[in-house]
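Here the structure is laid out as structure tokens; the discussion comes afterwards.
The values are calculated or read from the model by the stated rules, or taken from the named source; none is laboratory data. Keep in mind it's a predicted model, so treat the numbers as computed, not measured. FYI the Cβ positions are ideal-geometry reconstructions off the backbone, even for glycines, and counts take in every protein chain you see. In case anyone asks, the SASA skips ligands and DNA or RNA and just uses the protein heavy atoms, side chains included. Shrake-Rupley method; radii C 1.70, N 1.55, O 1.52, S 1.80 Å.
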Amino acid sequence: MTEESRTLYEVIGGETKLREMVDRFYDLMELEPDFAGIRSLHPPTTDGSRDKLFWFLSGWMGGPDHFVERFGHPRLRARHLPFAVGTSERDQWLRCMAWA
Ligand code: HEM
């Protein structure tokens, strides 16, 4: 298979690597004071959040669509409406993901 026809999911190393990235993302969110703002929006334990982000990104990257199988259409904007997400929260999330 050529590089162009592989999915992002395959290119990054599949389930194992994606799970590692999501775990690193939430480990950093829990450890780094810079991300305390977005950490405080999440539940006391991030186990469920880790699973949901992993399930979503798996499908988004062209791998198994675990999130849609469980919950239907992602509706990510609607699912985030309960949380106060402004510029600071957006920047924290993106920086945390860039580090991960
Ligand atoms: C812009 C900054 C963002 C903030 C502050 C934020 C924050 C949150 C919070 C507090 C939750 C609830 C956690 C939970 O239910 O356990 C959540 C859920 C979720 N977020 Fe984000 N998020 C952001 C961006 C994103 C982005 C860019 C994606 C996708 C790449 C994403 C994907 C998800 C998913 C899949 C869920 C689970 C939704 C559900 O099933 O209820 N988030 N987010």
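Just a few scattered comments:
- Just one of the listed residues (R90, R70, R75, R95) is basic (K, R), open to solvent by 90 Å² or more (accessible area, probe 1.4 Å) and at positive phi, and it is R75.
- Only one of the numbered conditions (1) assigned to a loop (DSSP other than H, G, I, E, B); (2) open to solvent by 50 Å² or more (accessible area, probe 1.4 Å); (3) more than 9 Å from the ligand (Cβ to nearest atom); (4) not aliphatic (A, V, I, L, M) is not met by F83, and that is (3).
- Number of positions in the range 32-55 that are part of a helix (DSSP H, G or I), within 15 Å of A100 (Cβ to Cβ) and free of Cβ contacts under 8 Å to residues at least 24 places away in the same chain: 2
- Sub-7 Å Cβ pairs linking a first residue in the range 8-31 that is over 17 Å from H66 (Cβ atoms) and of a type in the set (D, E) to a second residue that is open to solvent by less than 90 Å² (accessible area, probe 1.4 Å) and assigned to a loop (DSSP other than H, G, I, E, B), at least 6 apart or interchain, are E30/T46, ordered by first then second residue.
- One residue stands out in the range 44-61 among those that are within 8 Å of the ligand (Cβ to nearest atom) and small (G, A, S): the one that is most open to solvent (accessible area, probe 1.4 Å), namely G48.
- Counting the residues of the range 62-80 that are part of a helix (DSSP H, G or I), more than 9 Å from the ligand (Cβ to nearest atom) and touching a helix residue (DSSP H, G or I) at 6+ places or on another chain (Cβ under 7 Å) gives 2.
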